Amino acid sequence: MEYLVKITITLKQGVLDTQGKAVTASLHGMGGYEALQEVRVGRFLELRLSAKDRGTVLTLAEGMCDDLLVNDLIEERSIEVVEIR
Amino acid sequence: MKVAVITFPGSNCDDDVVHAVTAVLECDVAKIWHLDSLGERKDLIVLPGGFSYGDYLRSGAMAARSPIMKEVREHVRKGGLLLGICNGFQVLTEAGLLPGVLLANRRPGFICRPCTIRVERTDTPFTGAFTEGQVVNFPIAHSEGRYYLPSSDLDVIESEGRVLFRYCSFSGTTGDEFNPNGAAHHIAGLLSKERNILGLMPHPERTSEAILGCDDGALFWKSIRSWVERR
């Protein structure tokens, strides 16, 4: 089976998100977006994997997050697995 | 003294380190590509500044997983000296050889300017030629230099005396106004527990010769040589 893995990585709450703050300030400066409370900037990765089942794919994706893709000290992740064929 | 400087794709301060160490210590410095082997035993390995792997994913993340890092770990396990400057410091934290992480500067943007830092202790392989509390000028050039570690862990590294350099004023005072990037506890340089690994955001190789207007960095390299020769 072929799967698409969507990984969203964001800074943990409590870690200063300088990009998010800058984007928030820009939007506020443009006017008309007074409703905006906060922007948080993260990272989005799409991985294509070929494996026998969804569980295997999830284990592999979590391994890749632990080994390289995510720094647990400052970041958190969410993983979504989609079957493509 | 045997020195090696490792070049990763995107390193750009490797030649500066080779030049500075060669000029100050008049010793041979090997420049080693990250896919090659370290070769004969070295006294000091330097991970230089730059933008390894284009700073993709996170600064230093992919260089930290480069094949040569296995040999680098073996080198430090045997007590060899390891120095990471700027991007090299980021590689050290990503490799788990030093705790913490270097985040985007408090005020976003690249800072490139002279910088004063205070030598916190002199009983280390890297600072024997300085005096305690001495203020030196090592320039900074980074956009991600804000040292971060959860506060309970900061207490641990402080109690272990592992902060070797702090950002400060010309007279040696620390304070937010003298901290260029918002680093926790004004940390500019951090030692490993065994004190043979140093991560440093400022660049000693850029102030190693009087012709550059300041040669404070020369004392840094001489400290290392003295320590190696005494072993």
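Here are some notes:
- Cβ-Cβ contacts under 7 Å between residues 6 or more apart (or on different chains), taken from a first residue in the stretch B:135-153 that is within 10 Å of chain A (Cβ to nearest Cβ) to a second residue that is of a type outside the set (A, V, I, L, M) and in a helix (DSSP H, G or I), are listed as B:GLU144/B:GLN90.
- The stretch A:33-67, residues that are surrounded by 12 or more Cβ atoms within 10 Å (Cβ to Cβ), under 14 Å from the mean Cα position of the chain (by Cα) and within 25 Å of B:ALA63 (Cβ to Cβ): A:VAL41, A:GLY42, A:ARG43, A:LEU45, A:LEU47, A:ALA61, A:GLU62, A:MET64, A:CYS65
- Here the strands (runs of 3 or more DSSP E) wholly within the stretch B:163-215 that include at least 1 residues being within 21 Å of A:THR18 (Cα to Cα) and away from chain A (no Cβ under 14 Å) are B:163-167, B:187-191.
- Residues that are in contact with a helix residue (DSSP H, G or I) (Cβ under 6 Å, 6 or more places away or on another chain) and more than 25 Å from A:ASN71 (Cβ to Cβ), drawn from the stretch B:131-159: B:VAL136, B:ASN137, B:PHE138, B:PRO139
- Pick from the stretch A:5-32, criterion farther than 16 Å from B:PRO108 by Cβ and within 11 Å of chain B (Cβ to nearest Cβ), ranking: surrounded by the fewest Cβ atoms within 10 Å (Cβ to Cβ): A:GLY14
- Screening A:MET64 on (1) in a helix (DSSP H, G or I); (2) more than 14 Å from chain B (Cβ to nearest Cβ) shows it passes everything except condition (2).
This table checks each residue for (1) under 20 Å from B:HIS203 (Cβ atoms); (2) within 14 Å of chain A (Cβ to nearest Cβ); (3) in contact (Cβ under 8 Å) with a residue 60 or more places away in the chain.
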| position | (1), (2), (3) |
| --- | --- |
| B:GLY50 | yes, no, no |
| B:TYR56 | no, yes, no |
| B:ALA61 | no, yes, no |
| B:ARG73 | no, no, no |
| B:LEU82 | yes, no, yes |
| B:VAL91 | yes, yes, yes |
| B:GLY100 | yes, yes, yes |
| B:CYS112 | yes, no, no |
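Since every read-out is calculated from the coordinates, none of them should be taken as a lab result. This structure is a prediction, so every number in the text was calculated from the model and none was measured. FYI the Cβ positions are ideal-geometry reconstructions off the backbone, even for glycines, and counts take in every protein chain you see.
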